[in-house]
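Engineer: Right, I'll just put the structure down here and ask away after.
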Amino acid sequence: MHRRLVNPALASLSGDRAQYFNTLVDRIERDPRTEGMANLVYLVLKESIPYLSTDLPESDLMEQLFVFVGTNRACFNKILFDPRYLENPGLFSKVTKEFVLQVLSSALEHHKIMEAETQKQRAANTYKFSWPNYDSENPFPYEEDGGEDAGDDET
């Protein structure tokens, strides 16, 4: 029943975004945490789906959604029972903007972590050759000063 709240937002999506958010909503429907706050969860999704990133795994986004709704439950209820909400449904989106910003920040952090892991992998596959003993009796073979060729310049 509550899924009908997000169906228009889901219908406006296409391709990978549609698949991502349909999978997310399916997982939310099966999650037992939804029962106690389904109206709030789906209202937040309705307002935020157009702005959310698909870079996080669905499980991470779902977890952030439940935490956000649980934390802001009193604020949401205050808005929903305010007579001004009937005239201006945009009051609800003022709070959901915080959720969108939180998810975007998490996605950015996720990208930073993934980039760092990629750089570590590249570094692990990079080989360096160097001559560790410059002061030894065996200088680097292609060194211009002090090699075999240095004696030829004197004659």
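Engineer: Expressed in nm to one decimal, what extension gain is obtained for the pair Q19 and K97 from 0.36 nm per residue of sequence separation less their Cα-Cα distance?
Structural biologist: Working it through step by step, the gained length comes to 25.8 nm.
Engineer: Calculate, for N39 and S105, the FRET efficiency according to 1/(1 + (r/R0)^6) with r their C-beta to C-beta distance and R0 35 Å; round to the nearest 0.05. Write out the running numbers ahead of the final one.
Structural biologist: Numbers: r = 26 Å, r/R0 = 0.74.
Approximately 0.85, to the nearest 0.05.
Engineer: Any chance you could run the full-extension gain for V67 through R4? It's 0.36 nm times the residue separation minus the Cα-Cα distance, nm to one decimal.
Structural biologist: Numbers: separation 63, 0.36 × 63 = 22.68 nm, distance 2.22 nm.
Fully extending the segment from V67 to R4 adds 20.5 nm.
Engineer: Additional query: Can you sort V67, V41 from fewest to most other Cβ atoms within 10 Å of each residue's own Cβ? Write out the running numbers ahead of the final one.
Structural biologist: Numbers: V67 12, V41 26.
So the ranking, lowest neighbour count to highest, is V67, V41.
Engineer: Once phi is turned into θ = phi - 60°, what whole-Hz ³J(HN,Hα) does the Karplus curve with 6.51, -1.76 and 1.60 give for every residue of segment 16-31, x standing for Gly and Pro?
Structural biologist: 5, 4, 5, 5, 4, 6, 5, 4, 4, 5, 4, 5, 5, 4, 7, 6
Engineer: Convert each backbone phi in segment 54-61 into a coupling constant with the Karplus relation 6.51 cos²θ - 1.76 cosθ + 1.60 (shift: θ = phi - 60°), then list the ³J(HN,Hα) values in order as whole Hz, x for Gly and Pro.
Structural biologist: Values per residue, Gly and Pro as x: 9, 7, 7, x, 4, 5, 5, 5 Hz.
Engineer: Figure the gain on full extension for Q119 and E29 (residue separation times 0.36 nm, minus the Cα-Cα span) and round it to one decimal in nm.
Structural biologist: Going from the current span to full extension adds 28.6 nm.
Engineer: At 7 Å along Cα-to-Cβ for each site, give me the label-to-label distance between F81 and D55 in nm.
Structural biologist: Simple spin-label model gives 3.9 nm for this pair.
Bear in mind these aren't lab numbers, they're just calculated from the coordinates by the rules spelled out. Please read all numbers here as calculations on a predicted model, not as lab measurements. Quick reminder, even Gly has a Cβ in these numbers, built from the backbone with ideal geometry, and neighbours come from all protein chains shown.
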